[in-house]
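Structure, as structure tokens:
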Amino acid sequence: MPEFYLHPGHQITVAPMIDYQRFYQDLQDTPLHDWSDELLRLAESALQDRRHGRMPEWLSWLEQLPTLTPGSVDLGSETVRIGTARDIDEWQRQELEQLLRRFHPWRKGPFSIFGIEIDTEWRSDWKWQRLRQQLTPLHDRLVLDVGCGSGYHLLRMLGDGARLAIGTDPTMLYVMQFHALKHFMPDVAAHVLPLRSDELPQQTSGFDTVFSMGVLYHCRSPFDHLRELKGQLRGGGELVLETLVIEGDPQAVLVPQGRYAKMRNVWFIPSSLAMESWLIRSGFANVRLLDETLTSTDEQRSTAWMTFESLADFLDPHDPRLTVEGYPAPRRAVFIADAL
């Protein structure tokens with residue numbers, strides 16, 4: 001496997017398109033520069049973890065991506081666009097689409113790559129539209145997105161003016177998808193680390209805005225997760241939290257017995273009122289509920305780029321207000337809160 005140097009004395013053995021050299025450089029003029037060596041060590045260790053049995057296959061596909069230069073990149077539209085169909089010929093388009101489809105399933109998007117429309121399982125642009133106008137403007141902010149998937153929202157954050165957008169996700173396939181996209185725009189100030197949020201250095205106090213979207217209910221200890229998020233924020237920084245909720249009073253919390261909507265690792269689903277109290281108890285202030293929406297089968301569905309089961313298969317076929325297990329159907333809420 002090729003080698004390259006990140007900085008004097010540090011050598012990492014990953015494929016060249018896993019560009020953590022640029023990540024290291026981007027950290028140097030930020031409050032996170034003292035953590036750069038530790039973050040690189042963690043990323044290197046995760047990439048070399050032998051439990052990721054498909055890693056050689058994924059890296060081989062990344063190596064095969066053609067060298068193409070987009071005539072333009074648009075990170076500010078509903079569909080993140082890299083190049084257009086006019087930038088490549090038909091043979092290149094077929095080759096590129098075949099490679100991109102190998103990274104199935106594509107969960108978060110949508111993307112348009114040289115005219116190839118990646119219709120992802122989630123219409124992640126709908127979520128972004130629900131929250132972006134109510135955030136503190138992201139212009140020149142240092143942003144962290146935990147559980148970022150393939151990086152759709154990271155790129156939208158850059159499109160809204162963020163100075164640097166860093167994401168984490170332990171699912172290596174999603175990290176590879178992000179690097180497949182970044183292959184065609186290597187200079188964008190977005191980076192995805194193959195880590196869980198609890199693997200990051202704690203109490204960095206380095207970020208202006210921290211996003212946690214679709215993560216909390218997967219945590220065995222939601223209060224530990226909130227503490228980790230708070231520790232990443234500078235004083236006065238902003239948390240954006242999206243999670244599953246149920247209807248109910250401030251004491252209402254669903255603890256699924258077994259699966260929830262066919263997901264194994266769902267531990268706690270609070271009411272929105274309970275979630276607000278959890279945020280306050282965790283040291284956040286000025287907690288605001290931005291939106292509460294029942295997830296629809298138009299927003300989450302199977303597509304040609306994600307052919308597995310999706311939301312329609314997780315709901316009771318006779319009563320879509322319930323999951324197949326009999327729990328309330330997925331309802332998601334977005335909160336904003338300030339770090340003290």
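The values are calculated or read from the model by the stated rules, or taken from the named source; none is laboratory data. Keep in mind that this is a model prediction, so the values were computed, not measured. Quick reminder, even Gly has a Cβ in these numbers, built from the backbone with ideal geometry, and neighbours come from all protein chains shown.
Key figures for this structure:
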{"read-out": "The range 117-135 residues that are modelled with pLDDT under 95, paired with ones that are assigned to a strand (DSSP E or B) (beta carbon under 6 Å, 6 or more apart)", "value": "ARG130/ASP291; LEU131/LEU290; LEU131/VAL334; GLN134/LEU290"}
{"read-out": "Members of the range 161-182 that are surrounded by fewer than 19 Cβ atoms within 10 Å (Cβ to Cβ) and closer than 16 Å to VAL73 by Cβ", "value": "GLY161"}
{"read-out": "So LEU154, is it in a loop (DSSP other than H, G, I, E, B), within 14 Å of the chain's Cα centre (by Cα), among the aliphatic types (A, V, I, L, M) and within 23 Å of LEU42 (Cβ to Cβ)", "value": "no"}
{"read-out": "Selected residue (criterion: nearest to GLU299 (Cα to Cα)) from residues of the range 80-94 that are surrounded by 15 or more Cβ atoms within 10 Å (Cβ to Cβ) and without any contact (Cβ under 8 Å) to a residue 60 or more places away in the chain", "value": "ARG81"}
{"read-out": "Conditions (1) at pLDDT below 95; (2) surrounded by 13 or more Cβ atoms within 10 Å (Cβ to Cβ): number failed by VAL73", "value": "(1)"}
{"read-out": "Residue tally, condition in a strand (DSSP E or B) and either hydroxyl-bearing (Ser, Thr, Tyr) or more than 22 Å from LEU131 (Cβ to Cβ) (or both), over the range 227-284", "value": "7"}
{"read-out": "Per-region count, the range 197-213, residues surrounded by 17 or more Cβ atoms within 10 Å (Cβ to Cβ) and either farther than 23 Å from ARG107 by Cβ or not aromatic (Phe, Trp, Tyr) (or both)", "value": "11"}
{"read-out": "One residue from TYR260, TYR327 being closer than 24 Å to ASP224 by Cα, buried (at least 16 other Cβ atoms within 10 Å of the Cβ) and modelled with pLDDT of 95 or more", "value": "TYR260"}
{"read-out": "Members of the range 59-77 found to be touching a residue at least 40 places away in the same chain (Cβ under 8 Å) and in a helix (DSSP H, G or I), listed by number", "value": "LEU59, TRP61, LEU62, GLU63"}
